[in-house]
Structures are given as C-alpha cells and as structure tokens.
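K.L.:
To start, I am sharing the structure in question, which I have written as structure tokens.
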Amino acid sequence: MSLPPFADDFSETPLWWTLAGGMARGAPAPLPTRADVVIVGAGLTGAAAAQTLAAAGRDVLLLDAGVPGGGASSRNGAMLGRYFKHSFGQMMEERGLDTAKAWFGELGQVYDDAFARIAALNRPTGFRNCGRVVGAVTPGHRDKLFREWELRARHVGEAVDFLTAGDAELVSDRYVGGVHIRANAAVNPALYTRAMLDEAMAQGARVLGDTPVTAIQKEPRGFAVHTTRGQVIARDVLVATNGYTPKGQRWHHRRLIPIVAFMIGTEPLPEATVARLRAGRRTYHDNRKNSTYYQITPDNRLALGGRTGLWHPSLRHMALRLREEMAYFFPELRDVRISHAWRGKCAATEDLFPHVGQHEGIHFAMGYCFSGLAMAPYLGNKAAMAILGRTEEARSLFRLDAPGAVAWPARQEWLIPVAMQYFRWREPLPR
C-alpha cells in the first residue's frame with residue numbers, strides 16, 4: 001500500500017527557507033523622506049548594489065514590496081554556474097568566434113565574482129563547490145550536449161568530463177550520456193540572500209519590507225519615489241525587481257516576460273538511497289528546454305524543479321506532477337512523500353540577454369533568463385558602479401542597449417504555459 005503523497009507537515013513555502021530558519025520580515029520602520037539612492041527590490045541585485053553604494057558613502061534605502069529577499073533570489077534552483085540562454089556554438093555561428101569568447105569570458109567573470117563574493121561574506125550561505133552534471137535523455141540531446149561543451153572546453157578552457165551511459169556520475173538510468181562540469185557550485189539561496197542583505201545593512205544601507213513602490217517620477221531635485229507608505233526623494237534610483245516588476249513600472253514591465261518556476265522538496269531520504277544518488281552531491285539537470293533539475297540537500301532531501309512556466313490550479317497539483325517526474329528519473333522514489341512545494345518568478349527579455357543600464361535617468365538590472373543566482377549580484381554591482389560614476393568598473397557586455405518592449409501577446413499570462421507545453425511536446429521524456 002503506497003503512502004499518501006504529502007508529508008504530515010507539508011508546507012507551501014520554499015524548502016530553502018526552512019533549512020535557513022526562515023526569511024525574517026523584521027520590525028516595521030518609519031519611511032525616510034530622503035535618501036541618496038533608492039533601490040526598488042531587496043533581492044540579490046538590490047543587496048549587491050546596496051553594499052557597493054553604502055561602502056562608498058552613499059545613503060542607501062532598499063525597498064521591497066514584501067519580505068526582503070523573499071522573491072526569486074531565495075526561491076530558485078540553488079545552482080551557481082556560467083550560464084545564460086545563448087550557447088557558445090550558436091553565438092560563434094551568428095557573431096563569430098572572438099565575440100563568443102568575449103561573452104563567455106565575461107560569464108566566467110560572473111561566476112568568479114560570485115565565488116569571491118560568497119567567500120568574502122564570511123556568513124553561512126550553504127555554499128558547496130560541488131560541480132554540475134547535465135544529463136541527456138536521448139542520443140540527439142547527448143550529441144548536442146557534447147558539441148557545445150567540446151567548443152567551450154577548446155575555446156574558453158572550461159574543465160568538463162564527457163560521460164557515457166552507465167557512468168556513476170549519471171545518477172539516473174534515464175540518461176544516455178552527459179557532461180560533468182567541474183567548476184560549478186550550489187548554495188542555499190535563502191541563506192545567501194539573507195547574508196547579502198545583512199552585509200548591505202552592515203555597510204549602512206537601510207532595508208524596508210512591505211513597502212510597494214507605486215510610481216517613480218523625475219523631479220528637478222532628483223526622483224520622487226512613491227510608495228504605499230509615503231514618498232521618498234532620491235538623487236538616484238535603481239529598479240531591481242526582475243520577475244516581480246509591477247505593471248505600475250510600465251517601461252520596465254513591458255520589457256520583461258515573467259515566468260513562473262516550480263520546485264518540490266521531499267522528506268529526508270534513507271541513507272542507502274542517498275548513498276546511491278549523491279555521486280559527490282552535485283547539482284543535476286537535463287538539457288531539454290523545459291528541463292528537470294535537482295540536488296540532494298545537506299539534510300538528505302531531494303529538491304527538484306521543473307514544469308517551468310506551465311499552469312497549475314494549485315501548488316499541490318503542481319507537486320503531484322513534479323512527483324511523477326521525480327519517479328520517472330528515480331523509480332525507487334515513487335512513494336517518497338513531498339514536504340515542500342513552492343513557486344518563484346523569474347523573467348526573460350526579448351533578446352534573451354540579461355541587461356544593465358538606465359532609462360530616463362533610472363538605473364536598472366533585469367532579465368536574467370534563469371541565470372540570476374550568479375548574474376543578479378554581478379549586474380547589481382555594475383549598476384552601482386554606474387551610479388557612482390566609475391565608468392571602467394561599470395563596463396560590461398551586458399550593458400546593452402535597453403531591451404526592446406516585448407510584443408503584447410508574449411506578456412500575456414496565458415501564452416507562457418502554451419509555449420512551454422509546446423517545448424515539452426517537441427522534447428518529450430522517452431518512455
């Protein structure tokens with residue numbers, strides 16, 4: 001007789017929050033009337049920018065509509081690497097080898113910056129220098145994966161091992177091959193985000209939650225930042241809300257496609273099961289467009305994500321569907337109960353590049369396209385350098401022209417599930 005699918009203490013909050021001891025809302029504080037810089041959004045982007053600006057002597061106010069750090073920064077897949085939505089092979093064909101090497105060279109800097117930033121925090125982050133395994137579920141996916149990483153190894157020097165079916169690194173028998181990327185890591189994103197906010201406050205930044213920003217208006221003396229709790233006058237403003245950008249911030253909202261991502265966490269697994277699945281406790285995913293990704297947590301649970309962008313009537317419904325995908329990759333976990341299920345909002349841009357820049361004097365960093373855990377602090381710091389007038393330190397290939405406005409249909413909530421279902425139809429899991 002199979003067990004009920006949900007644990008007795010099932011929770012619709014991120015497992016990362018539970019493992020971190022929660023994401024504190026903090027006591028409400030008065031809203032100041034002035035600040036040198038107001039940062040809208042208290043996730044990793046805003047926290048990194050606040051650290052840089054406050055350390056430089058700026059009076060920084062970091063505002064969040066809800067719990068500071070409670071958005072995608074603490075809800076994501078917890079995987080740290082050198083990624084964005086353009087492959088090296090695609091970029092080399094379309095823009096030339098030198099351009100591809102330059103872009104992927106900066107992606108290396110993004111990862112190195114994250115690695116150094118975490119070490120410098122000297123606070124708990126759950127960091128694990130564990131490597132990542134990307135598995136292929138069909139021979140065609142395997143060949144595509146090998147071609148891409150052969151190019152990266154040859155032209156960018158990334159250390160990678162090529163895996164064939166049956167290799168111990170491929171912890172699921174569903175994989176017909178894959179790659180082990182050595183220089184990849186994991187964190188507990190809730191611990192990491194909390195540590196980043198603590199560091200921003202240690203540098204002197206003020207952080208206020210439950211303060212939605214309703215409008216930003218240009219004035220002769222700077223900007224008037226209107227919130228549900230009052231108005232703040234600021235010399236500079238940085239918008240760092242990404243997938244949570246409200247419709248009231250019309251220019252930024254029109255340039256982002258919010259996409260909902262889903263994850264589940266299991267009850268602690270038996271030691272024998274963990275011993276077979278851990279393979280160095282790496283992070284794992286496959287290379288379909290709508291992939292399934294997972295890792296074993298420090299307390300021996302499986303944290304698994306997938307079905308990105310699809311529609312579900314409830315988190316429990318989503319969790320049951322993801323549980324089926326878990327059982328597909330790991331039949332021995334078919335009866336494992338789900339203890340946590342949650343969602344978070346990421347965001348894509350029209351050109352699938354992250355962007356940092358300014359529009360009408362308002363700075364922004366956004367559109368991370370599923371790479372925000374490493375990219376958000378990096379571009380938050382770049383935005384802060386631009387505010388400080390440090391032109392060379394603000395330089396980045398991601399300082400692109402402002403992203404184009406996304407066509408109206410693509411911003412409709414109903415279209416994303418249709419598009420993601422199409423990708424699943426094109427790349428079904430083999431049976």
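K.L.:
Take the chain, connect every pair of alpha-carbon atoms lying under 10 Å apart with a spring to form a Gaussian network, then pick out the residue of L352, L197, L80 with the largest mean-square fluctuation.
P.N.:
Ranking L352, L197, L80 by mean-square fluctuation puts L352 first.
K.L.:
Right, here's the next one. To the nearest 10 degrees, how steeply does helix 189-202 sit against the main Cα axis of the chain, on a 0 to 90 scale?
P.N.:
Taking the Cα atoms of the chain, the angle to 189-202 is about 20 degrees.
K.L.:
Counting each pair of different Cα atoms once, what's the Kirkwood radius of the chain in Å, rounded to one decimal?
P.N.:
22.2 Å
K.L.:
Here's another thing I want to ask about it. When the chain is modelled as a GNM with alpha-carbon springs shorter than 10 Å, which of P32, P354, P246 fluctuates the most?
P.N.:
P32
K.L.:
Follow-up question, since we're still on this one. Once the piece of chain linking A224 and A116 is laid out straight, how much longer is it, given 0.36 nm per residue of separation minus the C-alpha distance between them?
P.N.:
Extra length available between A224 and A116 comes to 35.3 nm.
K.L.:
Ok, one more. Given points 7 Å out from each Cα along the Cα-Cβ axis, report the E393 to R250 separation in nanometres with one decimal.
P.N.:
Here the modelled spin labels are 3.6 nm apart.
K.L.:
With a 1.4 Å probe and every protein chain kept in, tell me what percent of the accessible surface of the range 169-279 is carbon plus sulfur. Show your work: numbers first, answer last.
P.N.:
Values: 2190 of 4320 Å².
Accessible surface attributable to carbon and sulfur in the range 169-279 totals 51 percent.
K.L.:
Carbon and sulfur atoms: what percent of the 1.4 Å accessible area of the range 329-425 do they account for? Before the final figure, lay out the partial values.
P.N.:
Details: 2370 of 4220 Å².
Of the solvent-accessible surface of the range 329-425, carbon and sulfur hold 56 percent.
K.L.:
With springs only between Cα atoms under 10 Å, which of V356, V37, V406 fluctuates most in a Gaussian network model of the chain?
P.N.:
Among V356, V37, V406, the largest mean-square fluctuation in the Gaussian network model of the chain belongs to V406.
K.L.:
In whole angstrom, note down how far apart the Cα centers of the range 1-63 and the range 357-410 are.
P.N.:
Taking the Cα centre of the range 357-410 as reference, the centre of the range 1-63 is 20 Å away.
K.L.:
Obtain the nm distance between the two label points defined at D98 and W311 by a simple spin-label model: each point lies 7 Å from its Cα along the Cα-to-C-beta direction.
P.N.:
So the label points at D98 and W311 sit 4.9 nm apart.
K.L.:
If you take every residue apart from L388 with its C-beta less than 15 Å away from the C-beta of L388, what net charge results, scoring Lys and Arg +1 and Asp and Glu -1?
P.N.:
Net of charged neighbours comes to +1.
K.L.:
Hey, another quick one. Can you count the Lys pairs in the chain whose Cα atoms are under 23 Å apart, with each pair 8 or more apart or on different chains?
P.N.:
Taking the Cα cut-off of 23 Å, the pair count is 13.
K.L.:
Considering only the chain, what is the antiparallel percent among its DSSP beta bridges, to the nearest 5?
P.N.:
DSSP beta bridges in the chain are roughly 70 percent antiparallel.
K.L.:
Counting only heavy atoms of the protein chains, get the accessible area per residue of the chain (1.4 Å probe) and round it to a whole Å² value.
P.N.:
Details: 17960 Å² over 431 residues.
For the chain, the solvent-accessible area averages 42 Å² per residue.
The values are calculated or read from the model by the stated rules, or taken from the named source; none is laboratory data. It should be emphasised that the depicted structure is a prediction, and the values quoted were computed from it without experimental measurement. No Cβ is skipped: glycine too gets one built from the backbone with ideal geometry, and neighbour counts run over all protein chains shown. Accessible surface is based on the protein model in full, side chains and every heavy atom, while ligands, DNA and RNA are left aside. Shrake-Rupley method; radii C 1.70, N 1.55, O 1.52, S 1.80 Å.
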